[in-house]
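Have a look at the structure below before the remarks.
Coordinate-derived values only; no laboratory data. Here the structure is a predicted model, which means the values were calculated and not measured. Cβ placement follows ideal geometry from the backbone for every residue including glycine, while neighbour counts extend to all protein chains displayed.
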Amino acid sequence: MTTLIILSVLGLVTLFSEIAGYRKAMLPLTFLGLILALAASAMDWNTGRHYLGEMMIVDNFSIAFTALMIVITIAWFILSPDFFHEPSSRIDHFSLIIFALIGAQLLTSFGNMIMLFLAVEILSIPMYILAGSNKGNLSSNEAALKYFLMGAFATGFLLFGITLIYGETGSFNLAEISAALTSRQGNAGAMVVAGILMILVGLSFKVAAVPFHFWAPDVYTGSPTVVTAYMSTVVKTAAFAGFFRLFFICFSASSAVWINTVWILSALTIIIGNITAVYQDNFKRMLAFSSIAHAGYMLMAILALNSYAQQSILFYAVAYSISSISAFGVLLAVSHVTRNDSIASFNGLARKNPLLAFITILAMLSLAGIPPMAGFFAKYFIFTAALQQHYTWLVIIAVLGSLTGVYYYFRVIIALFKGDVEGAEIPMTFPFKATLLFISVAALLLGMMPGWIAGLL
Amino acid sequence: MLSVLIFFPFVAALATLLAGENAKRVALSASIAEFALCVWMAMQFNPAGGTQFMVDCWWVPSLGISYKAGMDGISMLLVLLTTFLVPVIIYSSFRHQYRNAPLFYALVLTMQMALVGVFVALDGFLFYIFWELALIPVYLICLMWGGADRVRITLKFFIYTLFGSLLMLVGLIYLYLQTPGTHTFDLQAFYKLHLPASQQGILFWAFFAAFAIKMPIFPFHTWQPDTYTDAPTPGTMLLSGIMLKMGIYGVIRWLLPVVPLGVTEWGTTAIVLSVIGVAYASCIALVQKDFKRLIAYSSIAHVGLISAGVFALNIQGLQGGMVQMLSHGINVVGMFFIADLLMSRMQTRNMDGLGGIRNVAPAFATYFIIFLLASVALPLTNGFIGEFLLINGLYQYNSWMAAVAGLTVILGAVYMLVAYRKIALGEKNKLTETFADLTMHEKAVMVPLVIMVFAIGIYPKPFLEMTEPSVKNLLDIIHGTLVR
């Protein structure tokens with residue numbers, strides 16, 4: 001709760017200081033606020049408090065995810081300083097990002113369906129604006145509009161589902177819904193079935209699971225790169241945390257209703273995400289499809305739905321977020337010079353800038369799931385969780401999918417060593433370099449010492 | 001002690017990265033020090049004493065993953081091979097000026113760490129990590145210093161082998177979930193599982209796919225000739241001399257004793273595939289014009305024979321496999337060095353245009369014929385001991401298989417001697433006239449290899465004795481399970 005208050009105050013302060021013209025003070029202030037929020041979050045560890053009549057339940061699951069998202073946000077602020085100075089952006093990014101973070105935090109700690117809905121909205125609306133923040137650019141506008149329409153559509157489904165569940169069980173409270181559903185012992189009734197499937201559709205839109213993924217590639221490609229980086233890390237993590245939390249607490253009793261659907265969603269997401277990513281020449285678009293594919297793997301944790309799966313989805317979120325934020329960081333630095341996002345713009349980076357090349361290699365290996373990177377353990381945990389529940393075929397599909405993944409991630413690594421050294425030097429500030437290096441080393445260390453995170457929950 | 005043996009090459013790799021100009025000397029001295037350490041450990045090693053130099057501590061306790069490693073005779077032999085070959089490979093590469101040399105040697109040493117780790121790991125997860133870790137350095141070596149078509153070929157190689165590894169990972173996780181109580185990846189726990197035959201059959205394929213691709217066994221071999229040909233010679237030597245043994249070692253340690261019922265069910269299939277591979281690769285080798293490709297195919301033939309002998313599941317077959325792994329490692333590195341010398345002097349690997357080199361470079365021709373005869377298994381060379389035991393073991397299993405496999409020994413002699421005739425005999429021509437004989441450095445690379453060729457060929461007893469108790473122990477485990 002303290003975290004929420006700190007973040008809200010921070011959001012308002014940055015909003016007003018933008019208006020009042022204190023731009024210079026904002027960055028240090030934001031860091032201070034985020035670090036305070038992180039500390040406040042850590043203080044709540046193992047307390048398990050309820051707030052506002054179980055509207056919010058701060059348990060270790062939500063704290064772990066919140067902490068992850070705050071850390072990623074801090075890294076994001078360090079990696080994207082240019083964004084705030086570009087003339088094309090006249091929107092208050094600071095407060096929008098902070099407000100999105102508030103939504104993300106709520107999405108990991110809701111105890112009530114209303115809160116879930118509010119959290120999704122608080123998270124989404126700033127992202128719609130940010131997607132269109134490059135106003136002069138047509139594709140940025142297109143991204144914002146597409147994101148908004150699809151997002152609104154998805155929220156409609158979500159809300160309709162919530163209403164149906166409320167109509168049947170008479171409650172918005174997750175624990176009460178769960179108790180009501182458990183007492184029916186599998187005999188769910190049409191309204192519950194429809195409600196759960198509606199919610200599933202709504203959330204699948206949000207996490208970009210196939211076949212509800214069509215918005216993702218265009219939005220990822222069209223938005224400014226920094227916004228894409230935020231979407232594919234913090235927003236994605238929050239959406240999955242919320243997804244998992246809802247189904248874990250609420251719908252595990254009536255799993256017969258949705259388990260086959262999620263199985264198919266997961267398999268389709270893995271297959272289509274990976275295969276489409278193979279054909280992309282644009283790095284950002286490739287990462288968009290790869291993020292779809294990763295959503296497929298994370299859906300496997302929702303299938304497994306036990307405390308082991310809880311650990312594994314947290315580890316996956318950590319590994320995926322840190323690897324993709326470092327990939328986006330490299331892209332930011334590279335595209336700053338080349339002014340385009342194609343994979344070819346990485347050509348010759350190994351000789352031009354060995355540090356960036358090294359970071360790219362680590363990020364790609366981690367995303368591809370090659371040991372000893374964190375991404376490997378993430379996949380390992382998820383696969384083990386799924387095998388425990390005897391989803392052997394899905395694991396085999398996932399294995400083949402990650403094999404396909406190797407192909408397109410390695411295209412980037414190959415590009416690093418290809419071609420001649422040309423183009424200007426890539427300017428990088430010290431904090432930028434240090435953060436990127438720190439994140440990459442963290443991905444490596446987590447791969448060697450996975451116990452640090454895996455034992456948390 | 002064992003941890004030092006595993007991780008010293010990695011520390012050395014970091015040192016190499018920082019060494020700049022002196023990188024290759026640092027790498028060479030580090031690898032020699034590693035070999036000395038290994039020899040010292042081998043002298044303390046008691047073959048009858050079971051698994052020695054054990055280290056066992058938790059790595060990720062909550063998941064039952066431990067850092068558990070140790071060496072019995074089988075591991076000892078392969079670690080000796082690895083630590084012996086790496087300095088030779090590093091020294092042989094001194095002829096070339098590699099761009100970005102520190103990185104090159106650091107990758108070779110990192111690879112060595114992973115290889116040693118694979119051969120000593122006794123925890124399924126640790127084994128898998130090292131297994132995968134071995135792939136990345138050699139991939140980068142081939143990618144950065146390989147031939148013209150390297151991008152396509154190395155990616156095929158990487159994805160192909162990763163496919164097998166991932167299947168193995170699924171198999172390992174499956175075994176892990178079957179272990180009683182708090183799950184564990186401990187090899188000993190896997191040995192005690194005794195799963196039903198139907199599950200073992202599936203697990204057999206999960207593991208066999210990984211190992212068969214690595215070796216490679218027909219029909220999983222298609223990545224191999226291209227990769228061997230296009231990789232830089234030290235990379236080829238690492239792949240063929242050592243990495244190939246990972247597959248056979250995997251079969252011996254992680255396949256046969258873990259799923260013995262699966263092996264009884266599918267072992268014949270594996271042997272048939274191996275023997276087909278032997279015959280098929282020999283036939284292709286007969287018509288090769290490119291010398292490096294010829295060695296690549298002959299390597300498939302040799303490794304097929306080893307695998308067939310190992311799957312025969314008797315003491316001769318397994319012991320033959322052990323000695324032959326050692327011999328093949330030495331011979332194939334020698335052969336690839338010869339090929340590299342030819343290539344760099346003649347700018348071609350096509351044998352048709354050559355001839356008469358014996359007249360201009362007698363020393364070269366002598367070393368060439370020694371390695372060549374060793375790989376066609378002439379008595380008194382190392383190849384003979386291994387092939388004799390392997391065919392003996394295979395004969396006890398099925399005489400027809402042994403007949404086909406034996407036939408290919410003759411084919412082997414044919415294609416190798418034809419190659420020798422084309423390259424070294426006959427009249428010298430314009431191209432070969434200027435062929436310079438061996439320099440001191442090149443001789444120094446080959447002398448240790450030649451010594452080993454004859455040492456194993458004339459007096460193989462110490463090596464056989466080193467592995468015999470472990471092999472017997474392994475067979476006891478397998479047959480003990482089958483009797484149950």
Order of B:433, B:387, A:121 under a 10 Å beta carbon neighbour criterion, fewest first
B:433, A:121, B:387
Take chain A, mark every one of the chymotrypsin sites (Phe, Trp or Tyr not before Pro) that falls in a DSSP loop and has at most 16 other Cβ within 10 Å, then report the longest stretch left between them, sites excluded.
A:280-457
Which of A:18, B:442, B:34 has the fewest other C-beta atoms within 10 Å, and how do the rest follow up to the most?
A:18, B:442, B:34
Straight-line reach from residue A:146: which lysines have a Cα under 18 Å away, not including same-chain ones fewer than 8 places off?
A:135, A:206, A:236, A:284
Ellipsoid equivalent to the stretch B:202-280 - semi-axes via the Cα gyration tensor, in Å:
25, 14, 9
Using the alpha-carbon atoms, what tilt in degrees (0 to 90, nearest 10) does helix A:93-109 show relative to the longest principal axis of chain A?
30
Take the eigenvalues of the Cα gyration tensor for the stretch B:235-376, scale each by 5, and report the square roots as semi-axes in whole Å, largest first.
33, 15, 12
Counting partner chain Cβ atoms within 10 Å of every residue's Cβ in A:114-122, what's the average?
0
Multiply the residue separation of residue A:20 and residue A:152 by 0.36 nm, subtract the distance between their alpha-carbon atoms, and state the gained length in nm to one decimal.
44.3 nm
Once the convex hull of the C-alpha atoms of the stretch B:268-484 is built, how many Å³ does it hold per residue, rounded to a whole number?
105
Kirkwood Rh over alpha-carbon pairs of the stretch A:252-388 plugged into Stokes-Einstein at 20 °C, 1.002 mPa s gives a D in µm²/s of 135
Descending Cα extents along the principal axes, the protein assembly as shown, whole Å:
90, 67, 45
Debye-sum result for the stretch B:1-258 in log10 I(q)/I(0), which assumes one identical scatterer on each alpha carbon, at q = 0.08, 0.10, 0.11 Å⁻¹:
-0.31, -0.49, -0.60
222 nm [θ] for chain B, helices only, -39500 (n - 2.57) per DSSP H run of 4+, per residue, to 500?
-24500 deg cm²/dmol
Kindly state, to the nearest 0.05, the FRET efficiency for residue A:43 paired with residue A:183, given R0 = 30 Å and r defined as their beta-carbon distance.
0.20
Among the aspartates and glutamates, select those whose C-alpha is under 15 Å from the C-alpha of residue B:214, and discard any that sit fewer than 8 residues away in the same chain.
B:132, B:226
Cβ-derived FRET efficiency at R0 25 Å, residue B:58 paired with residue B:3, nearest 0.05:
0.95
Principal axis dimensions, largest first and in whole angstrom, of chain A by Cα:
68, 54, 41
With the 8 Å Cα cutoff and a minimum separation of six or more residues, the stretch A:254-457 has a relative contact order in percent of 30
For the stretch A:372-447, what Kirkwood radius comes out of the mean inverse Cα-Cα distance, in Å?
15.5
As a test of the formula, what do you get for chain A when each DSSP H run with n ≥ 4 contributes -39,500 (n - 2.57) and the sum is divided by the residue count, at 222 nm and rounded to the nearest 500 deg cm²/dmol?
-25500 deg cm²/dmol
Which whole-number percent gives the relative contact order of chain B, counting Cα pairs below 8 Å spaced six or more residues apart?
16
Put a dot 7 Å past each Cα toward the Cβ at residue A:400 and residue B:283; how far apart are the dots in nm?
3.1
Once you place label points 7 Å from the Cα toward the Cβ at residue A:9 and residue A:255, how far apart are they in nm?
4.3
For helix B:150-178, what angle does its Cα long axis make with the longest principal axis of chain B, in degrees from 0 to 90 and rounded to 10?
20
Nearest 10 degrees, 0 to 90: what angle lies between the long axis of helix A:430-448 and the longest principal axis of chain A (Cα atoms)?
50
Rounded to whole Å and sorted largest first, list the principal axis extents of the Cα atoms in the stretch B:159-257.
48, 22, 20
Taking amide H positions as placed in the peptide plane 1.01 Å from N, state which residues far from residue B:72 in sequence (5 or more) or on other chains have amide H under 5 Å from it.
B:52
Among all the aspartates and glutamates, which ones have a C-alpha under 17 Å from residue B:430's C-alpha, if same-chain residues fewer than 8 places away are not counted?
B:352
A chain fully extended from residue A:32 to residue A:358 at 0.36 nm per residue, minus the present Cα-Cα distance, gains in nm 114.3 nm
Along Cα→Cβ, 7 Å out, is where each label goes; now give me the distance between the ones at residue B:348 and residue B:461 in nm to one decimal.
5.0
Find the relative contact order for the stretch B:268-484 and round it to a whole percent, using C-alpha pairs within less than 8 Å whose residues are 6+ positions apart.
29
I need the Debye-formula profile for chain B: one equal scatterer per C-alpha, no solvent, reported as log10 I(q)/I(0) at q = 0.07, 0.11, 0.13 1/Å, two decimals.
-0.33, -0.85, -1.22
Between residue A:121 and residue B:197, what is the FRET efficiency for a Förster distance of 51 Å, r being their Cβ-Cβ separation, to the nearest 0.05?
0.35
